[in-house]
Amino acid sequence: MSAHRSAGSKGPGAVSGHTAVRTAAIALLARRDYACSELEARLLSRGFAASEVTAVIEALAAAGSVDDARYAQHYVTYHSERGQGPIRIGAELRRHGLPATLIEAALAGGPDWYSLARRVRRAKFGAPEPASWAQKARQARFLQYRGFSSDHIRAATGADHEAGSTDP
């Protein structure tokens, strides 16, 4: 008999549903931060009752253990440091079930996206700006894949239409 089990314990089913859900949620949160909807999906996938999961998540949110705004801000900080742009980060946060207002606030509080696009371009392609349109297009595709907007890409590649235009 295990030293951790009491004499009256009958295994995992002996623990009340609410306590089991809370224990599982805390174990998940101990590893990393989760959005409320993401944590709910993980707990539901483990077979816990929806009503108990909702109650536990509400209690954890009230206690500050789960905070969607904090999650969004940390997500933006981490992924922008990895060279990802606001479009890609915003799409991922929407996929995680965060409301648009929190996503917009987190992205607005993020880094200077123009300088990040320039830094990401320099890290991949070197300091000199692209000389030909083919090089600009290649670099633009790369930055677009990383999640930068067309304004960020034009600023990073020096492809501003006004600056390089030869049309009268």
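Figures for the structure shown
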| read-out | value |
| --- | --- |
| Candidates ALA140, ALA156, ALA127, filtered to the one that is assigned to a loop (DSSP other than H, G, I, E, B), over 22 Å from the mean Cα position of the chain (by Cα) and small (Gly, Ala, Ser) | ALA127 |
| Any hit, the range 58-65, residues being surrounded by fewer than 15 Cβ atoms within 10 Å (Cβ to Cβ), over 16 Å from the mean Cα position of the chain (by Cα) and among the charged types (D, E, K, R) | yes |
| Identity of the residue in the range 82-97, assigned to a loop (DSSP other than H, G, I, E, B) and modelled with pLDDT of 95 or more, that ends up nearest to ILE153 (Cα to Cα) | GLY85 |
| All positions within the range 110-132 that are in contact (Cβ under 8 Å) with a residue 24 or more places away in the chain and aliphatic (A, V, I, L, M) | LEU116, ALA117, VAL120, ALA123 |
| Options ALA59, ALA20; residue that is hydrophobic (A, V, I, L, M, F, W, C), assigned to a helix (DSSP H, G or I) and farther than 30 Å from GLY109 by Cβ | ALA20 |
| Residue within the range 74-84 that is touching a helix residue (DSSP H, G or I) at 6+ places or on another chain (Cβ under 9 Å) and touching a residue at least 60 places away in the same chain (Cβ under 8 Å) present | yes |
| Residues (surrounded by fewer than 16 Cβ atoms within 10 Å (Cβ to Cβ) and in contact with a Gly (Cβ under 9 Å, 6 or more places away or on another chain)) located in the range 101-128 | GLU104, ARG119, ALA123, LYS124 |
| Of all residues in the range 29-53 being touching a residue at least 60 places away in the same chain (Cβ under 8 Å) and surrounded by 18 or more Cβ atoms within 10 Å (Cβ to Cβ), the one that is farthest from HIS74 (Cα to Cα) | CYS36 |
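The values are calculated or read from the model by the stated rules, or taken from the named source; none is laboratory data. Computed from a predicted model, the values in this text were never measured in an experiment. No Cβ is skipped: glycine too gets one built from the backbone with ideal geometry, and neighbour counts run over all protein chains shown.
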